Structure formats: C-alpha cells, structure tokens
Amino acid sequence: MKLTLFIGHHKTGSTSLQTYLAENYQRLLSKSILYPAVDAKGLAANLASLLRGHDLKGPMNINIREPHNALAFVLLNEANNFIIPEWHQNLLSGFQMFQLIEEQIKALGPEHTILCSEVMTLMSEKGWDKIMPRIHKRFNGYECSLVLNLRRIDEYLASWHLQRLKFGTSHAPLRFGAHRSYYRTAHFRYDQIVSRWSSALPEARFVVRNYSDVVRSGGTIADFFRQAK
C-alpha cells in the first residue's frame, strides 16, 4: 500500500487540502484512497457518508476535518508535554489513534492512504527523539511519500505571525525583534524539518515544493495530488 504524508508547512494551503479530503471521503474511497479518522466522531461521519452514498458538506467538527493535526498534537503532548489547543479536545492516545488508522487500512484495503497535517512540521523540533521511533515503527513498512510545501521565509513569517495575532496571542511586531523568537523553531529551521523527517523514513520519496510554484500550478489541492501521483 502507498502512504503519502503531507507534513506542511503552515500557511501553505493545508486547511484547504484537509477540507477537501474530509468532504470527499466517500468519493476518494471509491477510488481506493483513504483519509482515515482518528476518533469515534470521524468514524461516524465517514460511515454516514458511505451509507448515504454521498459526501458530507457544511460545518464540520475540527477533529473530523483535521484528524491528523489531532494525532500530531497528541504525539507532541506525549513526547514533550506540548499543550493541546482547546479546539482539539477529548482525544484518544497516540497509540489508540495509530491502531485506529491501521484497523481502517486493514478493513478497507485502500491502495493509497493519505495523512495530512501541517502540525507534523512542529514534531521536528519538540520531542523528536521520542516521536521518531514511533513514526518509523508505524509507517516504514509502507511505500511512503512525504510532501512538504515551503514558503519564502520572509513571506511565511509575516503570514504566520499575523495568524497568531488574529488568534489573540500578544506579540511585538516582527520589525521590533519578534522574528528572533522563531530562529530555533520549525517556523524557521526548514533544514531541520527535512533532515529529521528523512531520518525517520529513510526509504520514503521526499517531495519539497516551493509554495510559489504550488500556487502557479493550481494551488495546494491540485499540486498535492500531482505530487502524490
């Protein structure tokens, strides 16, 4: 089975891709492509779409739309006491989520499974020594591909910093030195994201895309499916 992981980055169209994958669960599965759930709500929503014979539209619980962000936050929490955002709550353990994904793969037998989470880039900086063996154990047996979109750092930091301000986080402007707080993180250390994920899945096909090229090629959704083949 083929497994493709879209590991980010933030501000490169990940939410649009996650929404597309969640809303088109039934249609994708009919093509033997699985976007697996990680909790009971996700399983129920996916089952409903299969029983009704059409995909679900409209407002969607965030754990259904972005299940693998929930997985990434749990792994970070278990490795480094990372605080799980309030909008991702009542989650299973990382072990249970991994088992749930594997059971869906066994039961449905897809040719291709997709995990999609921009939060996976953060795993390269926080508790990676504890997370990497779990990633390797769970995914190394599949025919893996990794897709990573990266924006020019000045454009990216401006966009990411603005999003944090919109969410109510109090920070100084970038021009007054706030940019320095990102230097040791995955929001700046692109090289660390690539090197650590490469070490976790050394046999994987690794695709790194310039976000400006992604936009020119039709956007994140179209570009992702092209890169995932």
1.4 Å probe accessible area per residue over the chain, in Å²: 49
Nitroxide proxy distance, nm - points 7 Å out along Cα→Cβ at SER217 and ARG27: 2.1
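Just the ratio, please: alpha-carbon radius of gyration of segment 46-157 over 2.2 N^0.38 Å, N its number of residues.
Numbers: Rg = 15.6 Å, N = 112, 2.2 N^0.38 = 13.2 Å.
Working it through for segment 46-157, the quotient is 1.18.
Roughly speaking, to the nearest percent, how much of segment 113-217's 1.4 Å accessible area is carbon and sulfur?
On the way: 2850 of 5550 Å².
Within segment 113-217, the accessible surface is 51 percent carbon and sulfur.
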Segment 55-131 - charge dipole about Cα centre, Lys and Arg +1 at Cβ, Asp and Glu -1, debye rounded to 20: 100
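Charges at C-beta only: +1 for Lys and Arg, -1 for Asp and Glu. How large is the resulting dipole of the chain about its Cα centre, in Debye rounded to 20? Don't skip to the answer; put the middle values down first.
Values: 28 positive and 19 negative charges, 79 e Å.
Roughly 380 debye, rounded to the nearest 20.
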Whole-number D in µm²/s for the chain (Stokes-Einstein; Kirkwood sum over Cα pairs; 10 °C, 1.306 mPa s): 88
Options ALA70, SER30, LEU100, ranked by Cα towards positive dipole end of segment 1-121, top entry (Cβ charges): SER30
Per DSSP, loop chymotrypsin sites (Phe, Trp or Tyr not before Pro) in segment 88-194 with at most 13 further Cβ within 10 Å: PHE167, TYR183
Selection from LEU43, GLY141, HIS10, by position along the positive dipole direction of the chain (Cβ): HIS10
Paramagnetic label zone (point 7 Å from Cα along Cα-to-C-beta, ASN61; backbone N under 19 Å) in segment 8-27: 18-26
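The values are calculated or read from the model by the stated rules, or taken from the named source; none is laboratory data. Being a predicted model, the structure only gives us computed values, none of them experimental. When we count neighbours, we look across all protein chains shown, and the Cβ atoms used for this are built from the backbone with ideal geometry, even at glycine. Note: areas computed on protein heavy atoms with side chains; ligands, DNA, RNA excluded. Shrake-Rupley method; radii C 1.70, N 1.55, O 1.52, S 1.80 Å.
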